[in-house]
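Bear in mind these aren't lab numbers, they're just calculated from the coordinates by the rules spelled out. If you're wondering where the values come from, they're calculated on a predicted model, not measured in any experiment. Cβ coordinates were reconstructed from backbone atoms using ideal geometry, including for glycine residues, and neighbour counts include every protein chain displayed.
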């Protein structure tokens with residue numbers, strides 16, 4: 001093809017090689033589209049025929065261009081984050097891009113956290129962490145994108161704060177933004193009966209505009225890829241193991257100095273210094289945690305990674321990145337966070353070493369639970 005084909009739904013350049021990128025359509029669908037003179041990308045096709053919005057990821061440059069354009073608009077910004085991966089789902093510097101526009105912070109996947117965690121406490125914790133990142137949200141909403149019943153209250157909150165303006169929904173990939181958008185469509189006045197792509201004129205950046213009652217729009221934007229999330233180093237089978245789909249059951253370990261915890265073969269924590277201490281692990285219930293001695297832990301890892309210590313599974317990722325070591329002195333009630341995998345909560349003062357694949361972020365924060 002010498003001439004670039006454009007999707008008539010969103011304007012993205014049609015391509016048949018990368019499902020994750022803009023403009024993807026299977027070759028068979030492209031041939032059919034050319035026959036009838038209507039070429040849609042898969043995302044627009046699914047929206048048109050199944051009322052299903054799929055998340056699409058952009059390069060950092062594309063996303064920054066999109067964010068910069070939002071600052072020039074007069075709109076409400078709805079920032080969706082994954083509560084389970086709060087640190088990994090923040091957009092760095094978002095407060096600089098939104099200009100004077102108000103931000104509504106939506107914490108998704110609240111159903112993953114232990115039910116014992118009170119929503120009021122969680123809301124306050126999210127607000128504090130957002131402030132540390134420079135964001136001053138006008139409100140914080142907690143929800144599970146899987147529950148359509150919660151979409152109506154989200155729309156009420158959006159109506160309360162948008163003051164007759166457009167609404168831009170932003171978030172990194174894997175936060176469940178598309179599930180929320182699809183939930184809003186289903187929850188608002190049976191819109192799914194009448195959706196066509198003509199009602200959702202996209203732009204070359206593949207934004208999708210959902211009409212609101214007063215002539216304004218709720219605009220779904222593509223997700224930005226965070227390279228330091230664990231998900232980028234895992235295959236599909238491993239992702240199923242590491243991504244919690246139901247309430248996580250914390251596992252608590254009493255450790256002495258010189259003991260180690262392995263989170264599958266994906267991360268490791270050594271207890272270097274301190275009294276006997278309590279460590280609680282918050283990861284997917286499917287992920288096995290192994291306790292061993294720090295002395296010999298390197299050999300233990302080399303021997304068992306891909307076997308006893310999974311993920312990673314060798315058939316999924318033949319070349320898994322080497323671990324990088326970071327040392328932290330922590331106070332009581334601190335979380336050691338492995339981006340996109342979960343966290344370990346420390347009860348008392350301790351010196352620990354945390355290991356994660358090169359490129360995956362490890363940070364400490366005030367304990368969530």
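Of note:
- GNM flexibility winner over the chain from 62, 214, 270 (Cα, springs under 10 Å): 214
- Packing rank of 239-251, 352-364, where each peptide gets the mean count of other beta carbons within 10 Å, highest leading: 352-364, 239-251
- Most mobile listed residue (183, 223, 215) in the chain, GNM with C-alpha springs under 10 Å: 215
- Kirkwood hydrodynamic radius (C-alpha pairs) into Stokes-Einstein, the stretch 288-364, 37 °C and 0.692 mPa s, D in µm²/s: 238
- Taking the three principal axes of the alpha carbon atoms in the stretch 57-224, the coordinate ranges are 45, 34, 29 Å, sorted in descending order.
- Calculated P(r) tail over 26 Å for the stretch 231-366, as whole % of Cα pairs: 16
- Taken as Cα centroids, the stretch 222-251 and the stretch 81-135 sit 18 Å apart, rounded to the nearest whole angstrom.
- Highest to lowest packing among 339-350, 94-105, scored as the average C-beta count within 10 Å: 339-350, 94-105
- Nearest-ten-degree value, helix 119-132 long axis tilted from longest Cα axis of the chain: 90
- Antiparallel DSSP beta bridges within the chain, percent to nearest 5: 70
- C-alpha long axis of helix 149-162 to longest principal axis of the chain, angle in °: 70
- For peptides 83-91, 302-310, sequence by mean Cβ density within 10 Å, most packed first: 83-91, 302-310
- Over the residues of the chain, the helix contribution to mean residue ellipticity at 222 nm works out to -7000 deg cm²/dmol, using -39500 (n - 2.57) for each DSSP H run of at least 4.
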